[in-house]
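Let me begin by presenting the structure, written as structure tokens, before commenting on it.
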Amino acid sequence: MTAIWMIVRYMLPLLLTGQPHPVDSYLDEEMPYLHEFYKSLHQHPELSLMEEQTSEKLAAELESIGYTVTRGVGGYGIVGILENGDGPQILYRTDMDALPMPEKTDLPYASQVTTMVNGSEVGTMHSCGHDMHMTTWVGTARYMAANKDKWSGTLMLIGQPAEEIGQGAKMMLDAGLYDKFGVPDYGLGLHCNPTIPTGQIGIADGYTMANTESIDIKVYGVGAHGASPHMSIDPIVIASMIVMDLQTIVSRNLKPTESAVITVGAIKGGTKHNIIPDEVGLQLTVRTYTEEVRQMIHRRIKEVSRGIAIAAGLPEDKMPEVIIPDVFTPANYNEPALTATIQEVASKAIGVENVVYAEPQMVGEDFARYGSTEDKVPTVLYWLGTVPQERMESHDLPGLHSPFYYPEIETTLRTGIKVNTEVLIDLMKK
Ligand SMILES: [Zn+2]
Ligand SMILES: [Zn+2]
């Protein structure tokens, strides 16, 4: 099946036009190198904030092809600059970290790595596809360096640490990414997608990923013997009522055409069957797109919690505490004009039928930060299809962060590199 697919995918356009796509011809030579590069990254995953070898591998790679590389820009963050005359400066980001989970694919190049986390050895795996992000990034970097006659401007390639814990982009920006290397005119990124077939990309403009924040509620009460509830003000009952009332915020307070999620992911309280505790903790994840909705949800969480506590008869000094951290991952906004450019260029590069609409999601991605500074850099994060043909047919589609997830290498790499290089060249055309 794969062989037939490859013939249709690459030979048919050749037969019809008599000419392979110029990027494809170039990639024919590059592919063995990039396959090995990918497999090596896949077999040597490193967890968030530990990307020492990975970042060094990327830095050395860029240096070997003429980029000026700065290491240590926010943890193991790296910046590779390639100046090539007048023109726009374009940021293109890859993330570098893997996840603490044992790989369960049967791939011959499956990761066997374990990492010490909190005193125990845990399996470590690139189950979010960041190894594919890095290889696509390297392939793009190599093509751009080898084809400097085709474009004019400055490439700003960044290797970002700690995406999985939502910290890396902030670390790089706080380390002076834009002050030291200049504010880019555009920002580009991609993420592997576990349901889009390899050979395609998915894209949409506007908000495509959510503001992501963790909120804690500390619910207080008056403890007592479980057989004497009349001597208590039971925080377990109060917390339960808060959980139920939180369900009405999205359904009753939010405009029906807007989106938000409030999930209570953890309730922690009590020690034993027959003791009414005096404190219960709730852990929430809150997802929104706009600042207005975000503020409304904060206000309603506080009002609902306080209202239920007052109704239970708690005094002012035992009102629930709603703890909202200052730092959160902002929503990803795909700037419409840049999105339209990418759609148009990608349609020419890989075929209009291979550029699909990807529904917005309520997941978070800290790539959003590069477009969320006061500089308002237009940015786009698109989805790169990775699902191998046989998986599409079997409907066996493991999601990201599944121990069974893996991207198909050949077509995924070609598609990502072709789209990236054509978009960069279009934005920096002479
Ligand atoms: Zn992930
Ligand atoms: Zn990821």
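For the reader, a short list of remarks on this structure follows.
- Taking 0.36 nm per residue of sequence separation and removing the Cα-Cα distance, the HIS401/ILE275 pair yields an extension gain of 41.5 nm.
- Apolar share of the accessible surface for the chain: 54 percent from carbon plus sulfur atoms, 1.4 Å probe.
- Table column - 3J(HN,Hα) (Hz), the stretch 207-212, Karplus curve with 6.51, -1.76, 1.60, x for Gly and Pro: 6, 10, 9, 9, 4, 10
- With the helix formula -39500 (n - 2.57) applied to DSSP H stretches of n ≥ 4, the chain reaches a computed 222 nm mean residue ellipticity of -11000 deg cm²/dmol.
- Proximal charge balance of THR114 [Cβ under 15 Å; K/R count +1, D/E count -1]: -2
- Dipole orientation for the stretch 211-323: of the candidates SER240, GLY281, ILE217, SER240 has the Cα lying most toward the positive pole (charges on Cβ; Lys, Arg +1; Asp, Glu -1).
- Within the shell defined by Cβ-Cβ distances under 13 Å, the residues around TYR67 carry a net charge of 0, with Lys and Arg each +1 and Asp and Glu each -1.
- The stretch 133-233: Cα Rg divided by the 2.2 N^0.38 Å rule of thumb: 1.89
- Of all aspartates and glutamates in the structure, those lying under 18 Å Cα to Cα from LYS318, and not within fewer than 8 positions of it along the same chain, are ASP216, ASP234, ASP278, GLU279, GLU303.
- Rounded to 10°, Cα long-axis angle of helix 410-427 versus longest principal axis of the chain: 80
- Accessible area in square angstrom per residue, the stretch 265-365, 1.4 angstrom probe: 53
- FRET efficiency, ASN147 to ASP179 (Cβ-Cβ, R0 30 Å, nearest 0.05): 0.50
- Burial order of peptide ranges 216-222, 253-259 (average beta-carbon count within 10 Å, highest first): 216-222, 253-259
- Residue-span extension gain [VAL352 to SER40] - 0.36 nm each, minus C-alpha spacing: 109.0 nm
- Calculated FRET value between GLU393 and ILE165, using beta carbons and R₀ = 41 Å, to 0.05: 0.70
- For VAL261 and THR115, the difference between the fully extended length at 0.36 nm per residue and the C-alpha to C-alpha distance is 49.2 nm.
- A cut-off under 12 angstrom between Cβ atoms defines the neighbours of LYS318, and their net charge, with Lys, Arg +1 and Asp, Glu -1, is -3.
- Cα-based Kirkwood hydrodynamic radius, the chain, one decimal, Å: 23.6
- VAL113 long-range amide H proximity, modeled H, under 5 Å: THR124
- Amide hydrogen neighbours beyond the local backbone of SER127, cut-off 5 Å, H modeled: LEU99
- Cα-based convex hull volume of the stretch 78-184 per residue, rounded to whole Å³: 112
- Residue of ALA146, ALA224, ALA98 that the Gaussian network model of the chain assigns the largest fluctuation, springs spanning Cα pairs under 10 Å: ALA224
- Residues of type lysines that LYS418 reaches as a straight line, Cα spacing below 17 Å, ignoring anything fewer than 8 places off in the same chain: LYS148, LYS150, LYS348, LYS429
- Projected label distance in nm at LEU49 and GLU359, using a 7 Å step from Cα toward the beta-carbon: 3.5
The values are calculated or read from the model by the stated rules, or taken from the named source; none is laboratory data. Small disclaimer: the values here were computed from a predicted structure and weren't measured. Reconstructed Cβ throughout: ideal geometry from the backbone, glycine too, with neighbour counts over all protein chains shown. All accessible areas refer to the heavy atoms of the entire protein, side chains included, with ligands and DNA or RNA removed. Shrake-Rupley method; radii C 1.70, N 1.55, O 1.52, S 1.80 Å.
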